[in-house]
Amino acid sequence: MSDKCNAPVGVFDSGVGGVEVLILHLTQCASVHRVMRNLPEENIVYFGDTARVPYGTKSKDTVLRYSRQIIRFLKTQDVKAIVIACNTASAYALEDVEKELDIPIIGVVKPGAKVACEATHNKKIGVIATEATINSGIYSSYITRQDPQIQVIGKACPLFVPLVEEGWLKDSVTFEVAGRYLRKLMEQDIDTLILGCTHYPLLRSTLREIVGEKVTLVNPAYETARELKQLLAEKGLTNIQSQEETRKYQFYVSDQADKFMRFADSILPFDVNTTKKISIEEY
């Protein structure tokens, strides 16, 4: 059991809009950073599908195929559990792939939906995400299963990604665009807002300024890390070797390894010495 406990957790993610490598790295690293910060004792094998972004504009069949390939790769790394740190892949692939695996796998949607249900007081929850995630209706499905009286108002925000790509996190243009996107949600008197894309938290300060302090912002990536910690404990899979020198973080991408590594170095609390490019289509 100790060998299994010390096995790594597999994490995979993709950008959900735009082709710029920078924003993809922002998306991916933000997700894995949440896992690392909340699970500091765990070893991590991370795969970023930098060659095939965005997922948010692709069909369910395509995202499912991508996800199966990545999972097959992660299984070669002897992972003990897998996190789909992508809302679109969680929406399109999780239900199918979890039936095919003999290890735990979780996505980012269900944990975020659960916390949002707990947070709302007036039973009006807003969701901002990619068009694929909104069109899938997955957040509405999870939320109304928990409480049929909750009203879910979804809004696709396709311009958020290019704005972040430009580094316009607090620019007046970003504020104007966010205001237009969120106007419908605020008119519905939401008291909880799910940030249903892994890099939307980078716009948190702008979003907070628009929605005000009375609206609870829910980051599914953070909630997913918390759920993973609980899941590992329940399964008896928590790493028992918590010393810093025993922890290992391995990074793999399908393209642009050097750019990924440089950006990862800028936001992670340690140096990323190696990022390996692999041919994911071979899996």
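Worth a mention:
- Order by protection proxy (mean Cβ within 10 Å, highest first), peptides 211-217, 154-160, 177-183: 154-160, 177-183, 211-217
- Within the range 39-101, the ratio Rg/Rh, alpha carbon atoms throughout and Rh by Kirkwood, equals 0.96.
- Per the Kirkwood formula applied to alpha carbons, the range 41-193 shows a radius of gyration over Rh ratio, Rg over Rh, of 1.00.
- Summing charges over neighbours of residue 182, with a neighbour being any other residue whose Cβ is under 14 Å away from its Cβ, gives +3 when K and R count +1 and D and E count -1.
- Considering every alpha-carbon pair of the range 110-220, the percent of pairs per 5 Å bin, from zero through the bin containing the longest distance, is 2, 13, 25, 27, 19, 10, 3, 1.
- The peptide list 98-109, 120-131, 78-89, put in order of mean Cβ contacts within 10 Å with the highest first, becomes 78-89, 120-131, 98-109.
- Approximate spin-label separation residue 3-residue 102, in nm, with each point projected 7 Å along Cα-to-Cβ: 1.4
- Relative contact order [Cα under 8 Å, 6+ residues apart], the range 110-220, whole percent: 36
- Relative contact order %, the range 152-211, counting alpha carbon pairs below 8 Å whose residues are six or more apart: 46
Bear in mind that the values in this text are calculations on the coordinates, not laboratory data. Being a predicted model, the structure only gives us computed values, none of them experimental. Because the Cβ atoms are built from the backbone with ideal geometry, glycine has one as well, and the counts that use them run over all protein chains shown.
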